[in-house]
Structure formats: structure tokens, C-alpha cells
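Here the structure is laid out as C-alpha cells; the discussion comes afterwards.
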Amino acid sequence: MPITLHSESGADFTLISNAFIDHYMPEANGEFVKVYLYLLRCLGSGEAALTVSEIADKFNNTENDVCRALKYWEKLGLLKLETEEKSLTGIRLLSPGKPRKASRDKQPAASQETAGEGVTRERADVLCSQEDIKQLLFIVEQYIGRPLASSHVQTILYLYDSLHFSAELIEYLVEYCVSRGSKSFRYIESVALSWHEAHITTVEQAREVSSQYSKTVYSVLKSFGIRGRNPVESELSYIRKWTDDYGFTLEIIALACERTMSAIHQPSFEYADKILSRWQQQGVRHAKDISALDMQYQKNRRTVGKASSGTSASANKFNNFDQRSYDYDDLERQLLNIP
């Protein structure tokens, strides 16, 4: 039986092209779709000025996640990024048309127009015929616990052929992400890109970096008094923001967690993020910078307090001149000898 759609909303809506829904959305990363729809929403409501940081905060992502989404849609021809001196200054949304090969076409991953960024259809055919790639895809399926979608295969091929990850490194990457409680390919790709930026090329290097990162993650959970569970993806997103985007040390992050607990008496990544974002804006790089800010804050409070006391004292002198405060009920009881 067909479902009839109705709407009781007014004019506050966002217009989305059917071409986007039909040809681009099905194969796109869900987080990338959120960013694109939010751009449409801001443009339609007249919010022409926004920042990458604001978009990241809106969806609890990192700024790097947002930049990857923008580059993805630019590659597909849905927007044009405008830059000046390597800084993003504008985003021009383009009218989506039907791509040469609609993403919804149900073809094997190896016969798609592209399989991951920079992997051509012909190259994908070659890769998917190799025994080591077949074995790798099988192992990844076992870790994920379900058959791989074509977009997932494309991601694996991209890591192998474009980022030059070995099959062993990709296997460890997936194992690492799953052990951290995430089977999301968005998260897997995010970790892979961070390893690539850190010039990690071997499993041994990845283990070392993973060990250091795990220490940070579980130290943050310990600072919040959280024990007996792995962090969820939104919490990991905050920690990546604090460590990768802000460049804060574990000591500074722990201080923010401690102040969060002192202020609201419960763990809150959102509250700690406000503290760390303010410190980042104030140029904090070391714990001593925070001490300096604290001292300045206390000095300002004392200055304001003295000014307020002086004003209060003057006002009291004036108000108390030949002025008395009487309890008339008490006076009446005394005059009438009423106990």
C-alpha cells in the first residue's frame, strides 16, 4: 500500500535536488551527506558566513573530517572550494546533474567508474583479481561481521593503491578500529588518513602510535572516572579534536577533565570541549599558560571586588548618616510590656 507524505511545516525548509538523492547520496559516506545537507540549509536560510570549525562542532566531528567531506563533494562536482593562500575562503554550491555512471548502479565494486579516490575502474579490476587483495577483503569481512558494500571495497582499494598501505597494515588497521568498538568505515578511513599523515608505513609503527593514542584515550576516561568500557565514537571524535586539531598534551586535557568534574560533578565531553576550545583560542600550549590565565583571572576578580567594595562602602556611609533601623513590632511589645 503506498504511503502518502504530508507536511504541516511553513516556509522553513531546505530544497534538495532529486539528482542528489538518486545519484549521489546512496554511495556517499553518511557524515559527508550531513555536511552537504547542512551547507544547503545554511544557504537557504541566509546564513552565508560560517566556518569549518562551526560545521565540525555541529556534528561532533573534527575539522579534518569536514575538510575531507568538502573535498569529496568537490571531486564529484557538487561544489567548488575557493581558497586564498591555501586558506578556505568560500564554498560555491553547484547544481547536481546526473553523473556519467550513477552510483546506484548495482555493479561489482571492481567495475565502478572509480573505486576510492585515485583508483580507476581498470586498476580496480586488476587489484580485485589479486590473491592478496581477495584474502584481505575476506579478512576485513570477518572483522566487520557482514559482507562489504561496494563503497567499503573502494575504501580498502584506496588505502592499498593510493595511500600505499600494505595488506598487513590494512588488516591491522581494521583490527585496531574494531577492538576500539568501531566498525564504521568512516572511522577506519579517518584513522588511516591520520596514520598516513604521520608517515606510518609498517604494522610496528602503527602499534607504537596506537599504544600512545590508547594511553591518551584511557587516561581521559580515567580522568572522568569512566571505567570498564571502551570509548564511543563521539568521545573518540572529541579526543582526536583535542589531540590532533588543537595539539594539546595529555596533561592539559586531563586538567580540563578535572575542572569539568569540579564544576558539574559528572563526566561531560561537551563541557570539557568548551574549556579546551577557550584555552585554544587563548593560545594555551603548556600547563604554565593555564596557571598564568588563572592568576590573571584572580587578579581581575580582586580588582573588581575592591571597586565594588569601595562603591558599597561609600553608599553605606551615605545611607547610614543619621539613619536608624527600627523594629516597630518589638518597640510596641516593650512599651506595652508584652513578652
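The values are calculated or read from the model by the stated rules, or taken from the named source; none is laboratory data. Here the structure is a predicted model, which means the values were calculated and not measured. Here the Cβ is made from the backbone with ideal geometry for all residues, glycine too, and neighbour counts use every protein chain on show.
Worth pointing out:
- Output for region 221-231, where each listed residue is touching a helix residue (DSSP H, G or I) at 6+ places or on another chain (Cβ under 6 Å) and not hydroxyl-bearing (Ser, Thr, Tyr): Phe224, Pro231
- Only one of the numbered conditions (1) modelled with pLDDT of 90 or more; (2) closer than 27 Å to Val52 by Cβ is violated by Ser223, and that is (2).
- The residue that is surrounded by the most Cβ atoms within 10 Å (Cβ to Cβ), counting only those in region 196-206 that are at pLDDT 90 or above and in a helix (DSSP H, G or I), is Ala206.
- Meets criteria (touching a residue at least 24 places away in the same chain (Cβ under 8 Å), in a helix (DSSP H, G or I), of a type outside the set (Phe, Trp, Tyr) and buried (at least 18 other Cβ atoms within 10 Å of the Cβ)) for Ser190: yes
- Leu40 part of a helix (DSSP H, G or I), modelled with pLDDT of 75 or more and either farther than 23 Å from Trp242 by Cα or over 24 Å from the mean Cα position of the chain (by Cα) (or both): yes
- Any hit, region 238-250, residues being free of Cβ contacts under 8 Å to residues at least 60 places away in the same chain and farther than 24 Å from Lys58 by Cα: yes
- Residue that is modelled with pLDDT under 85 and either crowded, with 18+ Cβ neighbours inside 10 Å or assigned to a strand (DSSP E or B) (or both), where the choices are Ala102, Ala69, Ala110: Ala110
- Scanning region 46-87 for residues that are hydroxyl-bearing (Ser, Thr, Tyr) and in contact (Cβ under 8 Å) with a residue 12 or more places away in the chain gives Thr62, Tyr72.
- Out of Leu173, Leu159, Leu236, Leu169, sole residue that is buried (at least 18 other Cβ atoms within 10 Å of the Cβ), within 30 Å of Glu251 (Cβ to Cβ) and modelled with pLDDT of 90 or more: Leu173
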